[in-house]
Amino acid sequence: MASLRAHLYDLTIRLAVKARLGGSVDVEAIRRAFDRAAFPSPAGVAFTPGTLGGVPGEWAWAGTGSPDEGEGRSGPGQAPALLYLHGGGFIACSARIYRPITGRFARAGFRVFAPDYRLAPEHPFPAAVEDCTAAWAALAQQGPAVLAGDSAGGTLALATMIEARRLGLPLPRAAALFSPATDLIGRSPSLRTNGRRDAMFRPEALMRLVPPYLAGADPADPRVSPIEADLSGFPPLLVHVGAREILRDDSVRLAEKARAAGVPVDLTVFPVVPHAWQLAESILPEARRSLDGAAIFLRRAVEAAPAGPVAEAVA
């Protein structure tokens, strides 16, 4: 059962965001809308700028020392590494805006890096995929690590795993995906059936974000629409999505295809909550439940990893 706060938050997002986003693609207006929706950062977490694989971003950690030096590297008794890819429709947001999520993971014991990957339309596909893959390649050299992302960041998390496999890079021990967009062709039924129920997006507005991101690239490319990918051999996946989201069936279809390929999948469909509800971890019990559940899932995957040599970090 959804909390009263979930119902109130859903209404707030509907009034404050959906009307403001409208049906057109005004990149600057969308960026301003998301910037104004910033939530407080969790207490007790340090955020510092950094680079990983040549990609700028931000470290979040709750321990002592520096997160990108020896003390933070993966190993017995040390903080496991997590690459978090933020959402924003491929055109907006930043690591700073996502501090409520990266900070929550840091408080759960992770050493988190959130890259400020290049955004469209200034840098269309495959720029973001290249940046996320470069950051992952550097983090994976440090030892067993995990991956997470929401919305467009969830898409990029899947694309990063697709690219990592193609390039012969280590795959994450597990991945947590919050409302990923897995079909940019637009074939999921909820894109139509949840058009009015979704508190944040109108279907036509969401689909209008695709051309600026692709700039003529094929929407059936698996790095664009991961539902097209061969998912066999992927690590365990945790997938959380809202029942009212127009992206609901992107998650459900991904879970079904992954399970059919033999991938362990933990899928939860949350009632009432709007898209990207995890950002409201300071006020929503459902956000804390989602993030804490994901942290437990990811930590178990890292702890189950066999011991091995730890490579030097690549900054």
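The values are calculated or read from the model by the stated rules, or taken from the named source; none is laboratory data. From a predicted model like this one, the values you see are computed outputs, not experimental measurements. Note: ideal-geometry Cβ built from the backbone for every residue, glycine included; neighbour counts use all protein chains shown. Heavy atoms of the whole protein, side chains included, go into the accessibility calculation; ligands, DNA and RNA do not. Shrake-Rupley method; radii C 1.70, N 1.55, O 1.52, S 1.80 Å.
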If you build the Cα gyration tensor of segment 77-208 and take the root of 5 times each eigenvalue, what three semi-axes come out, in whole angstrom, biggest first?
-> 26, 17, 14
So what is the 222 nm mean residue ellipticity for the chain from helices alone, if each DSSP H run of at least 4 adds -39500 (n - 2.57) and you divide by all residues, rounding to the nearest 500 deg cm²/dmol?
-> -10000 deg cm²/dmol
Which percent, nearest 5, of DSSP beta bridges in the chain are antiparallel?
-> 35 percent
Taking Cα pairs under 8 Å and at least six residues apart, what relative contact order does segment 107-212 come out at, in percent?
-> 23 percent
Using alpha carbon positions and the Kirkwood radius, the Rg to Rh ratio of the chain is 0.93
Relative to the chain, whose Cα atoms define the longest principal axis, helix 152-167 and its Cα axis are tilted in degrees, nearest 10, by 50 degrees
Using a 1.4 Å probe on the protein chains only, how many percent of the accessible area of the chain belongs to carbon and sulfur?
-> 56 percent
Mind computing the radius of gyration and Dmax over the alpha-carbon atoms of segment 103-146? Å is fine for both.
-> 12.7, 35
Grab the Cα-Cα distance for Arg36 and Thr268, subtract it from 0.36 nm times how many residues apart they are, and report the gain in nm with one decimal.
-> 80.7 nm
Using modelled amide H (1.01 Å from N, peptide plane; none on Pro or chain starts), what sits under 5 Å from the amide H of Leu238, excluding residues fewer than 5 places away?
-> Ala175, Ala176, Leu177, Asp266
Relative to the present Cα-Cα distance, how much length would full extension add between Gln78 and Ala215 at 0.36 nm per residue of separation?
-> 45.1 nm
Which whole-number percent is the relative contact order of the chain (Cα, under 8 Å, 6+ apart)?
-> 22 percent
Counting Lys and Arg as +1 and Asp and Glu as -1 over every other residue whose Cβ sits under 13 Å from the Cβ of Ala164, the net charge comes to +2
In segment 74-166, what GluC sites (Glu not before Pro) fall in a loop by DSSP, with at most 10 other Cβ atoms inside 10 Å?
-> Glu122
Crossing angle, helix 285-303 versus the chain [Cα axis fit, 0-90 degrees, rounded to tens] = 30 degrees
Rounded accessible area per residue of segment 194-315, 1.4 Å, Å² = 41 Å²
Whole-angstrom Cα spans of segment 180-309 along principal axes, big to small | 47, 37, 25
Between Arg165 and Asp292, what length in nm is gained on full extension when 0.36 nm per residue of separation is reduced by their alpha carbon distance?
-> 42.9 nm
